[in-house]
1. Assuming LEU123 fulfils every condition listed in (1) surrounded by fewer than 17 Cβ atoms within 10 Å (Cβ to Cβ); (2) under 17 Å from PRO6 (Cα atoms) apart from one, which condition is it?
2. Of the residues that sit in the range 141-176 and are over 19 Å from LEU3 (Cβ atoms), in a helix (DSSP H, G or I) and of a type in the set (A, V, I, L, M, F, W, C), which one is modelled with the lowest pLDDT?
3. Considering only the range 1-53, state which residues are acidic (Asp, Glu) and more than 14 Å from the chain's Cα centre (by Cα).
4. Hey, among PRO189, PRO152, which residue is loosely packed, with under 15 Cβ neighbours inside 10 Å and over 29 Å from THR32 (Cβ atoms)?
5. Taking the condition of being surrounded by fewer than 21 Cβ atoms within 10 Å (Cβ to Cβ) and either farther than 13 Å from ILE134 by Cβ or in contact with a Leu (Cβ under 7 Å, 6 or more places away or on another chain) (or both), how many residues in the range 33-44 meet it?
6. May I ask you to verify whether VAL67 is in contact with a helix residue (DSSP H, G or I) (Cβ under 6 Å, 6 or more places away or on another chain) and surrounded by fewer than 18 Cβ atoms within 10 Å (Cβ to Cβ)?
Amino acid sequence: MDLIGPLPNIPKAIRDSRLREVFLLVFGGALTLPVGVFLLTLMSVNSFKLIASTFTLILLCLLVLGVRYRKHLNKYLIFFTGALGGLFGGAVGIPGPPVIMLYMASELPPRVIRANNMIYLFLIDILLVFIFMINGMLILNLVVLGLLVSVPYLIANTFGGLLFRPNLEKFYRIIAYVIIFCSALLGLPFF
């Protein structure tokens, strides 16, 4: 679903992004995704859920508390963040939080933050599917379910892309925080 849903918004994201940064992120992520996938094979489902949700909640708390990165995003920081995202993407299925945290904590314009995150997540998902395929970890009924869910996700992405207004940054942050909080809470093994 994550490979199909964002497709309508990718061309605009390419125009708005800083592609060099995105490629550094993806390169870092590509190096650590296989390590993360290996760690995934060693974990129980409840451990997976607990780590993913706890990590997401910690990063969300930092954002809500106003943690910001006011310096220039250098290539080493970008690469390391992509590598951390790749590790978490392979191990717990969430490559986004480190990258989202870095960009939401930066002083970049909302359109660049949105574009870089969208392209990074799209490319990492392609790599993750490829790694799962090589390791025989793709489960047919889940792939079919993903394809079915991709239709409403595609529609929602298209509609959301039309609604995006960079000047509403504070509104988007609040909505993003609420969605991230609910997702992390529901991902805990207690629910």
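The values are calculated or read from the model by the stated rules, or taken from the named source; none is laboratory data. These numbers were taken from a predicted model, which means no experiment stands behind them. With ideal geometry, Cβ positions are generated from the backbone for all residues, glycine too; neighbour counts draw on all protein chains shown.
1. (1)
2. ALA176
3. ASP16, GLU21
4. PRO152
5. Residues that pass the stated criteria total 7.
6. So VAL67 passes the test.
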